[in-house]
Amino acid sequence: MASVIVGVAWAPSMGNPIAWLIALVVCGLAAVALLERWFPFELQWQVRDRDFPADVAHAIVNLAVMHGAVMGFVLLRASVEREGVRWPTEWPYLAQVFLAGLPLDLSLYVMHRLSHRYGVLWRLHSIHHSPRRLYWLNGERRHPIHAALMAGPGLLVLGLLGTPAEVLGGWLAILAMHLAFQHANLDYLGPLSYLVGVAEVHRWHHRERFNDAQVNFGEFWLVWDHCFRTFHRPDAALGPVGIEGDPVPHSFAEQLAYPFRSDPPRANHVLTLRTCMPSFTQTIAGTRRTTAAPAIASRVLPVASRRPGCMRRSITSCSRSSSAPRKWRSKVDRVSMDRDQGAIGNPLGLLRRGSHDGLPVG
């Protein structure tokens with residue numbers, strides 16, 4: 001990463017700074033991919049999965065959008081002239097680059113937090129959280145609309161301040177490399193992990209359970225996480241990553257359409273009974289069956305193929321079945337009520353009422 005920053009510092013001395021920055025990013029991404037093969041954090045994450053073609057497409061599209069943002073900046077800066085607002089062009093180039101990164105990084109943090117709070121934004125952002133492994137391409141796995149929404153406020157501020165396009169290009173080059181390192185499958189300990197969002201800190205943001213992922217929102221700087229008390233770096237095993245139930249499709253085209261579907265396809269719905277029946281406190285999914293309570297499991301398992309709205313009725317009818325023990329029937333009734341109130345697996349009340357795919361409150 002230090003080599004990339006040094007390379008960005010040389011950009012003004014190049015004949016075409018933008019082309020130099022693009023070449024720098026391409027070479028840097030290739031270097032991160034090689035480092036993953038040599039120093040992996042998790043060996044299983046080295047195996048390509050069916051998301052890989054979509055990840056490549058996301059990287060190409062989003063890096064092209066990033067380049068287009070710089071080009072659009074040239075036009076914006078030429079059309080906006082405001083008295084009393086002056087960019088410090090006399091500063092060293094690298095100092096200007098990091099200055100430009102402050103409002104943009106704050107914008108990314110705020111929009112990131114909102115994307116975990118509101119259902120419409122989460123549906124766009126969930127594409128980034130859906131992979132079951134973390135590696136260098138995950139950093140660019142974003143819906144293009146969501147990428148524009150996250151960076152838009154910061155880019156607007158920089159445009160109004162008259163930030164030169166080559167300065168913005170320098171920060172976006174650093175950010176692109178940082179996102180690759182931030183999501184890389186690398187086994188390393190960053191010395192600045194309390195200040196910069198490196199991989200060993202950001203991995204906790206990608207944990208499978210939605211409530212566990214409400215930490216470490218910072219894109220580059222973690223100062224925002226420290227200020228708003230969302231920094232989290234425990235000394236424990238990471239556990240699985242992704243989204244419970246694997247609701248996001250795996251092809252690029254389907255991922256682009258996924259946020260706008262009224263009833264998007266899901267791999268399965270997951271229902272976890274955490275508060276009752278000691279012998280039945282297991283995850284029930286379309287691919288897993290419990291043997292502790294066959295009378296209940298046989299009725300609950302088909303729910304995985306139904307709409308979320310059918311969940312409460314199916315569980316309630318199950319609880320009233322004469323084949324279920326009385327002590328289980330009463331507790332399952334309570335579970336059906338708690339599920340409607342968003343209590344099961346959602347102690348902080350962050351999920352949408354009746355949701356089974358991790359949607360935040362809308």
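Observations on the model:
- Residue within region 218-230 that is hydroxyl-bearing (Ser, Thr, Tyr) and in contact (Cβ under 8 Å) with a residue 40 or more places away in the chain present: yes
- Only one entry in Asp212, Asp263, Asp246, Asp235 is at pLDDT below 95 and at positive phi, namely Asp246.
- Scanning region 86-102 for residues that are assigned to a helix (DSSP H, G or I) and either surrounded by fewer than 17 Cβ atoms within 10 Å (Cβ to Cβ) or outside the structural domain of Ala69 (by TED's automatic domain parsing) (or both) gives Ala95, Leu102.
- Considering only residues in region 179-225 that are of a type in the set (Asp, Glu) and part of a helix (DSSP H, G or I), the one that is farthest from Ile5 (Cα to Cα) turns out to be Asp212.
- Subset of region 25-68 [small (Gly, Ala, Ser) and crowded, with 19+ Cβ neighbours inside 10 Å]: Gly28, Ala54, Ala59
- The one condition from (1) touching a residue at least 12 places away in the same chain (Cβ under 8 Å); (2) not polar (S, T, N, Q); (3) not assigned by TED's automatic domain parsing to the domain that holds Trp171 that Asp235 does not meet is (1).
- Matching residues in region 26-41 - criterion: being aromatic (Phe, Trp, Tyr) and within 23 Å of the chain's Cα centre (by Cα): Phe41
- Qualifying residue in region 138-149 (condition: surrounded by 23 or more Cβ atoms within 10 Å (Cβ to Cβ) and of a type in the set (S, T, N, Q)): yes
- Considering region 232-255, the residues that are surrounded by fewer than 19 Cβ atoms within 10 Å (Cβ to Cβ) and aliphatic (A, V, I, L, M) include one that is nearest to the chain's Cα centre (by Cα), namely Leu238.
- Qualifying residue in region 49-59 (condition: among the β-branched types (Val, Ile, Thr), more than 18 Å from the chain's Cα centre (by Cα) and more than 17 Å from Gly169 (Cα to Cα)): no
- Output for region 144-178, where each listed residue is within 23 Å of Val26 (Cβ to Cβ) and either among the charged types (D, E, K, R) or not in a helix (DSSP H, G or I) (or both): Pro164, Glu166
- Qualifying residue in region 221-231 (condition: within 13 Å of the chain's Cα centre (by Cα) and not small (Gly, Ala, Ser)): no
- Leu114 vs. criteria surrounded by fewer than 18 Cβ atoms within 10 Å (Cβ to Cβ) and either modelled with pLDDT of 90 or more or part of a helix (DSSP H, G or I) (or both): yes
The values are calculated or read from the model by the stated rules, or taken from the named source; none is laboratory data. From a predicted model like this one, the values you see are computed outputs, not experimental measurements. Note: ideal-geometry Cβ built from the backbone for every residue, glycine included; neighbour counts use all protein chains shown.
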